[in-house]
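Read through the structure below, which is laid out as structure tokens, and then see the notes.
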Amino acid sequence: MKNIQGFTIMEVLVSAVIISVLIMVAFAVLDVGRGSWFGGDVRAELRKEMIRAFMAMERELRETSPAQQSVSYDTSSTSITFRVPQDIDGDGTILDSFGYIEWPSLANSIVYSLNGNNEIIRTASGVTRVLARGITGLQFSRNRNPALPLELLIINITAQKASSVGKIATETGQLIVKMRN
């Protein structure tokens, strides 16, 4: 008859500890990967929201004039009020009979601002539209820098979103718009 040897209790315990440590390391690596995935995915979503807001604001703000908007030199504001040229006399152009740009009344101004729901909103003629969500900071400024043209408007946006596991992703962006009219 052959002698059958089994494992001692100590060998079984050491094996169990080693396997437990390996499983814990595997879960830690998976958690890091999940966090990286969340960070990249959410940051891309925040960038998409900022780009959508920048595109909408740039399109209209390029049409305004430094004299037709509310942000003065060397100041910053969390909102901006401005007007864009309109064909007021119905002749098919935004120029009047003397060749001057037709500006609407102040009652027809456009306002970009940040509301209490972390959304950039556009308000015009009593109608409010959301441009971007997840925005925690919005700032408009104009610098009187001799090296820069006076028509530049600087827009800074900060976006932030928290995950269900408590991780927070933050993105910031800046757009410089040259007002043309």
Check: What are the aspartates and glutamates whose alpha-carbon lies under 20 Å from the alpha-carbon of K161, with same-chain residues fewer than 8 places away excluded?
Finding: D31, D41, E45, E49, E119, E171
Notebook entry, point to check: Which angle from 0 to 90°, rounded to the nearest 10, does the C-alpha axis of helix 9-61 make with the longest principal axis of the chain?
Noted result: 10
Note to self: Over the chain, what portion of Cα pair distances is larger than 31 Å, expressed as a whole percent?
What the structure shows: 42
Notebook entry, point to check: Quick one: if the Förster radius is 35 Å, what FRET efficiency do N145 and R34 give, using the C-beta to C-beta distance and rounding to 0.05?
Noted result: 0.20
Next item on the list: Tell me the label-point distance for the pair K167, A26, using the 7 Å Cα-to-Cβ offset, in nm and rounded to one decimal.
Entry: 2.1
Item checked: GNM top mover of V14, V71, V42 - the chain, alpha-carbon springs below 10 Å -> V14
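Every number here is computed from the coordinates shown, using simple stated rules; none is lab data. As the structure is a prediction and not an experimental result, all values here were calculated from the model. Glycine also receives a Cβ, built like all others from the backbone with ideal geometry; neighbour counts cover every protein chain displayed.
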